[in-house]
Amino acid sequence: MDNLFSLILDQLELGIIVLDKDYKITVWNGWLERLTGKTAKQVIGTKLTDVCSRLNSKLYNQIFQDAILHGKHRFCSGAMNQFFIRPADASRCPQIKQNMLVQPMEIGEARCILIQIFDITGQHQRVQQLKDLINELSITHQKLKASEEEIRHHAYHDFLTGLPNRLLLLDRVNLAIEHAQRNKNGLAVLFLDMDNFKLVNDTFGHAVGDQLLQDMALRLRNCVRKSDTVARLGGDEFVLLLPAIANPDSAAVIAANIIRTVVEPWVYKEQELFVCASVGISMFPKDGEDAEGLIKKADKAMFYAKGLGKNNYQFFNDAMYNCTNGGRV
């Protein structure tokens with residue numbers, strides 16, 4: 001796409017210059033290269049008033065400042081002079097008189113200056129070319145922005161369920177810990193593993209298993225508050241972050257509700273499928289003061305719950321993982 005725009009810029013029969021907020025050149029198209037003999041590589045990063053000695057630095061710096069700070073457009077007539085001249089040894093481009101149009105432009109959140117340099121004849125053609133160019137640049141910017149947002153989303157979210165992944169989960173747990181420390185309250189981390197999920201996968205195939213995981217993601221989100229986080233670590237493992245949880249009893253109520261929700265039948269081609277869940281719970285600050293530690297201990301409590309026959313929740317306990325306040329539902 002960048003090559004396409006470079007080609008478009010170089011084929012235009014007018015000069016296109018883009019200055020950044022410091023009035024330094026970021027775009028210098030082929031028309032200007034042919035006119036001045038100065039390549040984009042030579043001038044990009046330098047100030048326009050340094051490149052073009054015919055421009056009065058004080059006057060044009062004020063024009064550029066008005067464009068950046070106040071959004072002012074400025075038309076500068078070169079009918080009696082040339083802003084840019086070709087070098088003496090250049091034979092491909094004749095000397096022409098030029099007009100200059102200076103206008104502010106925004107690309108995303110960045111403010112910059114767009115300058116047109118064009119000969120006096122055929123102005124209506126140049127205006128249309130510029131409109132087409134700006135439209136093309138706008139479309140490209142929108143595509144690039146959408147692409148950046150998509151890349152950012154995939155970096156922090158599970159592709160199958162759309163839930164936060166481990167990276168985003170760790171960030172949110174650490175932020176919740178900082179908030180809990182400031183406000184002197186607690187939080188809970190629940191590690192959930194779906195029991196019997198492998199049987200569904202082996203019997204009906206991975207496509208059906210993926211559908212079940214997506215449905216479970218929705219069920220889990222419906223079990224918690226908007227301020228809570230439901231994340232998928234991979235496979236059939238989910239982690240829930242419950243900030244501002246006053247005591248273990250509150251976490252137990254949510255865990256019990258989750259287990260009841262998970263065990264509800266899932267219908268596939270008029271056939272009811274059943275899975276259940278083992279849930280391990282760790283509490284801040286009792287079980288740790290960092291994200292990795294709390295997740296790890298919730299994971300160990302979950303395995304202990306599996307060892308008790310699955311379909312139950314257990315709290316982490318330091319003493320040989322003997323868990324308290326847990327139970328079947």
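Conditions: (1) outside any helix (DSSP H, G or I); (2) surrounded by fewer than 18 Cβ atoms within 10 Å (Cβ to Cβ); (3) in contact with a helix residue (DSSP H, G or I) (Cβ under 9 Å, 6 or more places away or on another chain). Residue 155 meets all but one. Number of the miss?
Result: residue 155 passes all but (1).
Can you say whether residue 172 is out of contact with any Lys or Arg (no Cβ under 6 Å at 6 or more places or on another chain), at pLDDT below 80, surrounded by 12 or more Cβ atoms within 10 Å (Cβ to Cβ) and in a helix (DSSP H, G or I), as far as the supplied structure shows? Show your work before the answer.
Numbers: out of contact with any Lys or Arg (no Cβ under 6 Å at 6 or more places or on another chain): yes; at pLDDT below 80: no; surrounded by 12 or more Cβ atoms within 10 Å (Cβ to Cβ): yes; in a helix (DSSP H, G or I): yes.
For residue 172, the condition - out of contact with any Lys or Arg (no Cβ under 6 Å at 6 or more places or on another chain), at pLDDT below 80, surrounded by 12 or more Cβ atoms within 10 Å (Cβ to Cβ) and in a helix (DSSP H, G or I) - is not met.
Only one of 221, 232 is out of contact with any Asp or Glu (no Cβ under 7 Å at 6 or more places or on another chain), of a type in the set (Lys, Arg) and in the same structural domain as residue 174 (by TED's automatic domain parsing); which?
Testing whether each residue is out of contact with any Asp or Glu (no Cβ under 7 Å at 6 or more places or on another chain), of a type in the set (Lys, Arg) and in the same structural domain as residue 174 (by TED's automatic domain parsing) leaves just 221.
When you scan the range 25-44, do you find a residue that is under 19 Å from residue 113 (Cα atoms), among the aromatic types (Phe, Trp, Tyr) and either surrounded by 16 or more Cβ atoms within 10 Å (Cβ to Cβ) or at pLDDT 80 or above (or both), even just one?
Among the residues of the range 25-44, at least one is under 19 Å from residue 113 (Cα atoms), among the aromatic types (Phe, Trp, Tyr) and either surrounded by 16 or more Cβ atoms within 10 Å (Cβ to Cβ) or at pLDDT 80 or above (or both), which makes the answer yes.
Within the range 191-234, which residues are assigned to a loop (DSSP other than H, G, I, E, B), at pLDDT 90 or above and not acidic (Asp, Glu)?
So the first thing to find is which residues in the range 191-234 are assigned to a loop (DSSP other than H, G, I, E, B), and the list is 196, 205, 224-228.
If we keep only those that are at pLDDT 90 or above too, we end up with 224-228.
Scanning the range 191-234 gives 224, 225, 226, 227.
Only one of (1) in a helix (DSSP H, G or I); (2) farther than 25 Å from residue 61 by Cβ; (3) modelled with pLDDT under 80 fails for residue 130. Which number is that?
(2)
Going by what's in this entry, would residue 241 be described as under 29 Å from residue 181 (Cβ atoms), modelled with pLDDT of 95 or more and out of contact with any Phe, Trp or Tyr (no Cβ under 8 Å at 6 or more places or on another chain)?
On the way: under 29 Å from residue 181 (Cβ atoms): yes; modelled with pLDDT of 95 or more: yes; out of contact with any Phe, Trp or Tyr (no Cβ under 8 Å at 6 or more places or on another chain): yes.
In short, yes.
Going by what's in this entry, would residue 249 be described as exposed (fewer than 15 other Cβ atoms within 10 Å of the Cβ) and either of a type in the set (S, T, N, Q) or farther than 22 Å from residue 311 by Cβ (or both)? Let's see the steps before the verdict.
Details: exposed (fewer than 15 other Cβ atoms within 10 Å of the Cβ): yes; either of a type in the set (S, T, N, Q) or farther than 22 Å from residue 311 by Cβ (or both): no.
Judged against the criteria, residue 249 is not a match.
The values are calculated or read from the model by the stated rules, or taken from the named source; none is laboratory data. Bear in mind the structure is a predicted one, so any value in this text is a computation, not a measurement. Cβ coordinates were reconstructed from backbone atoms using ideal geometry, including for glycine residues, and neighbour counts include every protein chain displayed.
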